[in-house]
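Please treat every number below as a calculation from the coordinates, not as lab data. On a predicted model such as this, the values are computed, not experimentally measured, just so you know. Virtual Cβ from ideal backbone geometry, glycine too; neighbours counted across all protein chains shown.
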Amino acid sequence: MDLPKVKGKLEKDYPLKTLNTWKTGGRAEMVFWPQNMNELTEMVIWSKIQHKPLLFLGHGSNVLLPDKGFPGTVIVTTQLNGARWENEQVWTEAGYSLMRLAREAAERNCSGLEFACGIPGTVGAAIAINAGAYGKEIGELVRNVKVLTSEGEIKTLDRKEISFRYRKSSLQENNWIILESSLRLTAAEDGTAIKAKMKEFMAKRKETQPLEYPNAGSVFRNPQGDSAGRLIEQAGWKGKCVGDAQVSEKHANFIVNRGNAKSENILQLIQDIQADILMKYGVKLETEIRMITG
């Protein structure tokens with residue numbers, strides 16, 4: 001089985017727990033960090049020919065990976081981190097840090113990404129799930145996106161060809177791989193107000209979120225007209241544990257790893273909470289995170 005000749009880093013039997021912010025998961029058969037779009041495409045085509053399952057990760061900040069590992073190719077996009085600015089418009093590759101982009105926008109007196117200053121993901125992953133905070137979503141800023149389709153075709157989609165909803169997009173639903181994207185921001189006279197807003201958001205995040213423990217951000221989508229965290233707290237779940245997985249005592253919509261949690265511990269908590277909230281309030285909580293079964 002000859003691997004494609006690529007320069008990007010390639011590792012076999014690699015620990016998944018080093019690739020996600022929950023710090024859980026078994027071992028991957030193979031992990032690849034492409035250095036450019038051609039390498040990514042080559043590895044995708046090779047994996048399909050070899051009938052190997054494919055998994056794409058950015059910073060792994062919104063995903064639960066399986067304890068049994070992943071029997072295929074994991075492609076990590078973090079080295080695809082090119083960016084180009086033209087006034088208030090920016091083009092980025094999929095692996096570019098969203099937090100870094102928000103800081104750079106502020107330095108360039110460009111408004112629109114203030115909400116993203118504390119979201120620890122990549123731009124590509126953020127667009128795929130229409131990431132947002134404080135009443136704003138990244139889908140509002142997208143002008144176009146270059147994708148690799150499930151048939152192996154590279155195509156560029158205009159904003160009108162993409163459907164964005166609360167923590168969802170048609171890109172994710174079609175299993176298309178985001179390669180590059182273009183965002184349109186708003187020019188400001190100076191960055192003082194932008195930086196002040198970002199500082200306010202970061203302080204609020206530090207105050208309300210359990211940043212001292214490994215976590216994957218909000219676990220559940222907010223049901224319409226309500227808050228998942230409020231329902232979970234009202235139902236008495238704060239502080240409850242399965243193994244080393246715990247519902248955060250600071251924010252009930254976060255599950256933290258207190259040390260040696262397994263993915264199955266986190267999954268059990270998720271399922272128990274869903275069943276309890278449905279029984280008590282008739283509300284079906286949907287997860288915001290991706291759960292990979294392997």
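Where nothing but the Cβ of Lys and Arg (+1) and of Asp and Glu (-1) is charged, how large is the charge dipole of the chain around its Cα centre, in debye to the nearest 20?
Values: 40 positive and 35 negative charges, 69 e Å.
Here the chain has a charge dipole of around 340 debye.
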From the phi angles alone, apply the Karplus equation (6.51, -1.76, 1.60; θ = phi - 60°) to segment 198-208 and give each ³J(HN,Hα) in whole Hz, x where the residue is Gly or Pro. 5, 4, 5, 5, 5, 5, 5, 4, 5, 6, 10
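What does the charge add up to near R103, with Lys and Arg as +1, Asp and Glu as -1, over the other residues with Cβ less than 14 Å from its Cβ? Walk me through the numbers on the way to the answer.
Numbers: positive: R100, R108, K195, K197, K199; negative: E104, E107, E114.
Within the 14 Å Cβ shell, the charges total +2.
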Residue-span extension gain [R230 to L211] - 0.36 nm each, minus C-alpha spacing: 4.9 nm
Among residues other than V123 whose Cβ falls under 10 Å from its Cβ, what is the net charge (Lys/Arg +1, Asp/Glu -1)? -1
Residue separation times 0.36 nm, minus the C-alpha to C-alpha distance between Q89 and K238: what's the value? 49.4 nm
With Cα springs under 10 Å, the Gaussian network model of the chain assigns the largest mean-square fluctuation among T208, T21, T156 to T208
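Mind ranking 57-64, 74-81, 145-152, 101-108 by how tightly packed they are, going by the mean number of other C-beta atoms within 10 angstrom, highest first? Display every interim value, and only then the final one.
Values: 57-64: 24.1, 74-81: 21.2, 145-152: 16.2, 101-108: 19.1.
Listed from highest to lowest mean packing, they are 57-64, 74-81, 101-108, 145-152.
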Alpha-carbon spread of segment 83-206, three principal axes, descending order, Å: 46, 30, 22
Out of Q172, T41, N20, whose Cα points farthest toward the positive end of the dipole of the chain (charges: +1 Lys, Arg; -1 Asp, Glu; placed on Cβ)? N20
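Which of the peptides 129-135, 223-229 is most tightly packed, and how do the rest follow, judged by the mean count of other Cβ atoms within 10 Å per residue? List each step's numbers first, then the result.
Values: 129-135: 17.9, 223-229: 13.7.
So the order, starting with the most tightly packed, is 129-135, 223-229.
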Would you kindly derive the ³J(HN,Hα) couplings of segment 49-59 from the backbone phi angles with the Karplus curve 6.51 cos²θ - 1.76 cosθ + 1.60 (θ = phi - 60°), listing them in order in whole Hz, with x for Gly and Pro? 4, 7, 6, 9, x, 10, 9, 9, 10, x, 8
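At 0.36 nm per residue, and after removing the present C-alpha to C-alpha distance, how many nm does the segment from M202 to R143 gain when stretched out fully?
On the way: separation 59, 0.36 × 59 = 21.24 nm, distance 2.68 nm.
Value of the extension gain: 18.6 nm.
Give the calculated FRET efficiency between R258 and K52 to the nearest 0.05, with a Förster radius of 41 Å applied to their Cβ-Cβ distance. Could you put the intermediate results ahead of the total?
Working: r = 34 Å, r/R0 = 0.84.
That pair, R258 with K52, gives E of 0.75.
Provide the packing ranking of 190-199, 277-286, 263-272, i.e. peptides ordered by the mean count of other C-beta atoms within 10 Å per residue, highest first. Intermediate values should be presented prior to the final figure.
Numbers: 190-199: 15.2, 277-286: 13.7, 263-272: 19.0.
Going by the mean number of other Cβ atoms within 10 Å, highest first, we get 263-272, 190-199, 277-286.
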Once you charge only the Cβ atoms, +1 for Lys and Arg and -1 for Asp and Glu, what is the size of the charge dipole of segment 83-206 about its Cα centre, to the nearest 20 debye? 500
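Evaluate E = 1/(1 + (r/R0)^6) for A193 and R221, where r is the Cβ-Cβ distance and R0 equals 41 Å; express this FRET efficiency to the nearest 0.05. The partial results should precede the final answer.
Working: r = 30 Å, r/R0 = 0.74.
Plugging the Cβ-Cβ distance into 1/(1 + (r/R0)^6) gives 0.85.
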So what does the Cα-only Debye profile of segment 1-145 read at q = 0.13, 0.14, 0.17, 0.18 Å⁻¹, as log10 I(q)/I(0), no solvent term? -0.62, -0.71, -0.96, -1.04
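To the nearest 20 debye, what charge dipole does segment 211-291 have about its Cα centre, counting +1 at the Cβ of each Lys and Arg and -1 at the Cβ of each Asp and Glu? Mind showing how you got there, number by number?
Details: 10 positive and 10 negative charges, 10 e Å.
Result for segment 211-291 is approximately 40 debye, rounded to the nearest 20.
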Is it possible to state the helix-based mean residue ellipticity at 222 nm for the chain, with each DSSP H run of 4+ residues giving -39500 (n - 2.57), the sum divided by total residues, to the nearest 500 deg cm²/dmol? What is it? -8000 deg cm²/dmol
Two pseudo-spin positions, 7 Å from Cα along C-beta at R165 and at N36, lie apart in nanometres by 3.9
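With 27 Å as the limit, write out which pairs from K17/K280; K5/K48; K7/K195 have Cα-Cα distances beyond it, or answer none.
Numbers: K17/K280 34 Å; K5/K48 16 Å; K7/K195 39 Å.
Those over the limit are K17/K280; K7/K195.
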Hand me the trypsin sites (Lys or Arg not before Pro) from segment 1-79 located in a DSSP loop with no more than 12 other Cβ atoms within 10 Å, in residue order please. K5, K7
